[in-house]
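What follows is a set of notes on a single structure, which appears directly below.
The values are calculated or read from the model by the stated rules, or taken from the named source; none is laboratory data. Fair warning: this is a prediction, and the values are worked out from it, not measured in the lab. Backbone-built Cβ (ideal geometry, glycine too); neighbour counts: all protein chains shown.
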Amino acid sequence: MGDWSGAELITEHLIREGVPYVVGLCGHGDLGLLDALFDRRDDIRTISTHHEAAAGFIADAYYRVRREPLATFTSCGPGSANLPVALGSALMDDSALLAITGNVATSQFNRGPFQEAGRHYQADFPSALRPFVKRGYQATRAEQLPLMLRQAFATMRAGRPGPVHLDVPLDVFVERTTTEPAEPDLWRGAGSNRVAAASDDIEAVLDLLEAAQRPVLVAGSGAESAAAELLAFARAAQLPVATSPLGKAAIGGSDPLSLGATGRNGSYPANRACRTADLVIALGTRFDDRATSSWLPGYTYAIPPTRLVHVHIDPAELSRNYPATVGIAASPGEVLRQLTVRWGAKAPPPSRRTWLDRITEWADEWERHIAPHRWSTATPIRPERVLAELRGALPADAILLADVGAHHNWIVQQWYPHRPGTLLQSWGFASMGFGVAGALGARLAAPDTPVLAVVGDGGFLMLPSVVATAVQYDLPVVWLIWNNGGFISIRDQQRGYFGRNRELATTFRIDATGEPHRTDFVALARSMGGEGLRVEHPGDLGDAVRVALDAHRPFVLDVTVDEAATMPSAATWELAPLPHPEPSFGWPDM
């Protein structure tokens, strides 16, 4: 029988689960864990960040690329209080990680020691994280840890993935027990997380599909890991494929069946096809407000009368926002395989060609509308030109991360992924910093793949220390800073809802003079050991991206982008009770 400290049990379990990295920030509350990790540093690598939220974003992005969880470590009090912005992003976008937080010693519970959250309940940090995790555990004895760790990893991975919290008081890290670590392989068995549909449900879907004249597949982020199955069924049945914004990388943007994303920042063919459809087969999407024009009838969807087949691994999402004619709590990939097998070699009905031709006309109209700005020579650089230059310079397998801001809206609408799984974004919680720090996690997950994050100047200023972390651990990440001088997506909402002269706290200006305030991001990157270039002319951008990628070191591109450029809208979004704006293109339908 062994003799283990609590921290040794945790470290051993992480190694047995195949976790390659723990990412976080030191503090007195996690000293015991760091000591155990020191002894096993040849088996599991510890990465230190300069902000706890960065650790959470790194773990989140790693999972989205590899579908394998990492662990984070943070200390008690403010250290762990920095985690929710990252955990909320992971929870709402179905990304798994284990958040290990240190806490005060159990012998000091209720005595108000340094950094105890104990005014309402002793050592009550689990309550602080409760809304942002799938499940929380607090160990008050070391012998509890094997069971909690085993359950934590099972919970993270099962059904709808998500982050799990393990809170460990300082003494539990260091106290010893003869309780042995769990054997993950023994408990995991040979099962899988794939859930199939009942055969009657598959038959009902096919009956609806055969009767439909204008069917559309809608792929959410839950279908992104089933990209091959999605494409196989879409091609077999000749079905156009729209995506939710978060599921945008479920299908290559150049595929002839691809319509783009739905919702307020989506494309015209996607929104028009979905609101015109008589059948929507939705896979792994929760129909949130930004993906659906805030559920306003007829803007993105008209359900009913459009009939809906809704497939989601979480039964709580079925018929939450739209009534499903057929609701299936199952894995989108499994359902797509079942549908493809049952469809077989059957030819699509003649009406399908007519429907696809109509959609092609809408796509051509949209392309004629948005294409001219792609090669604008104007300065500051047009957003469309930024994305066009970026698309031309990035290899097909490159991973693009979008942080939150005006640039994110442009990417949702006008970025065309070459391959499934190459676009990462924070959607449900929309956490600024995800792209800034998550780029490091993507690079750890795909060390031979180019990684570039498009981030706003506002978002980058929240976590600029990621450059130092990337230098420390030799992570050659590129950040393209969309420098438009402020929180422009919010400024534009101020102007639109309250008047052009009523903006406040959204543009970066010197308070005393009103002059623009500009950070020297190139100097900032170099001060931390990275490299950088400032780009002000559109013709220089493509080459600058190539230089940054070829440098194989942390690199910041400070790109001056036109803050006055307006995005065409093919749908809307309501901030109730404020009146929603009408679409600026193709509305009302001709």
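Some points to look at:
- Tally of residues being at pLDDT 95 or above and part of a helix (DSSP H, G or I) across segment 53-80: 14
- Only residues that are acidic (Asp, Glu), under 19 Å from Arg382 (Cα atoms) and buried (at least 18 other Cβ atoms within 10 Å of the Cβ) were counted in segment 519-560, giving 1.
- Matching residues, segment 561-574, being under 27 Å from Ala398 (Cα atoms) and surrounded by 21 or more Cβ atoms within 10 Å (Cβ to Cβ): Val561
- In a residue-by-residue description of segment 306-316, the property of being outside the structural domain of Ala158 (by TED's automatic domain parsing) and closer than 22 Å to Pro583 by Cα applies to at least one position.
- Pair list, Cβ under 8 Å, 6 or more apart: segment 251-271 residue more than 19 Å from Arg235 (Cα to Cα) and surrounded by 24 or more Cβ atoms within 10 Å (Cβ to Cβ), other residue at pLDDT below 95 and of a type in the set (Gly, Ala, Ser): Tyr268/Gly586
- Evaluation of Thr566 against (1) closer than 28 Å to Gln493 by Cα; (2) in the same structural domain as Arg500 (by TED's automatic domain parsing); (3) of a type in the set (Val, Ile, Thr) (one fails), failing number: (2)
- Among residues of segment 195-221 being in contact with a Ser or Thr (Cβ under 7 Å, 6 or more places away or on another chain) and not in a loop (DSSP other than H, G, I, E, B), the one that is farthest from Thr422 (Cα to Cα) is Leu208.
- Failed condition for Gly266, given (1) farther than 19 Å from Asp94 by Cα; (2) out of contact with any strand residue (DSSP E or B) (no Cβ under 7 Å at 6 or more places or on another chain); (3) part of a loop (DSSP other than H, G, I, E, B): (2)
- Cβ-Cβ under 9 Å pairs, at least 6 apart or on other chains, segment 16-29 side on the phi > 0 side of the Ramachandran plot, far side of a type in the set (D, E, K, R) and surrounded by fewer than 16 Cβ atoms within 10 Å (Cβ to Cβ): Gly18/Glu68
- Among the residues of segment 111-162, the ones that are part of a loop (DSSP other than H, G, I, E, B) and farther than 23 Å from Gly428 by Cα come to 17 in all.
- Exactly one residue out of Gly438, Gly392, Gly405 is among the small types (Gly, Ala, Ser), touching a strand residue (DSSP E or B) at 6+ places or on another chain (Cβ under 7 Å), in contact (Cβ under 8 Å) with a residue 60 or more places away in the chain and over 18 Å from Met567 (Cα atoms): that is Gly438.
- Verdict on Trp587 being in a loop (DSSP other than H, G, I, E, B), hydrophobic (A, V, I, L, M, F, W, C) and surrounded by 18 or more Cβ atoms within 10 Å (Cβ to Cβ): no
- If you go through segment 444-496 and keep only what is in contact with a His (Cβ under 7 Å, 6 or more places away or on another chain), under 24 Å from Asp543 (Cα atoms) and buried (at least 24 other Cβ atoms within 10 Å of the Cβ), you end up with Val454, Gly456, Trp482.
- In segment 412-443, of all residues being closer than 20 Å to Leu259 by Cβ and more than 13 Å from the chain's Cα centre (by Cα), the one that is surrounded by the fewest Cβ atoms within 10 Å (Cβ to Cβ) corresponds to Tyr416.
- Failed criterion for His50 (all others in (1) part of a helix (DSSP H, G or I); (2) modelled with pLDDT of 95 or more hold): (1)
- In segment 6-26 there is no residue matching the filter, namely being at pLDDT below 95, surrounded by fewer than 20 Cβ atoms within 10 Å (Cβ to Cβ) and of a type in the set (A, V, I, L, M).
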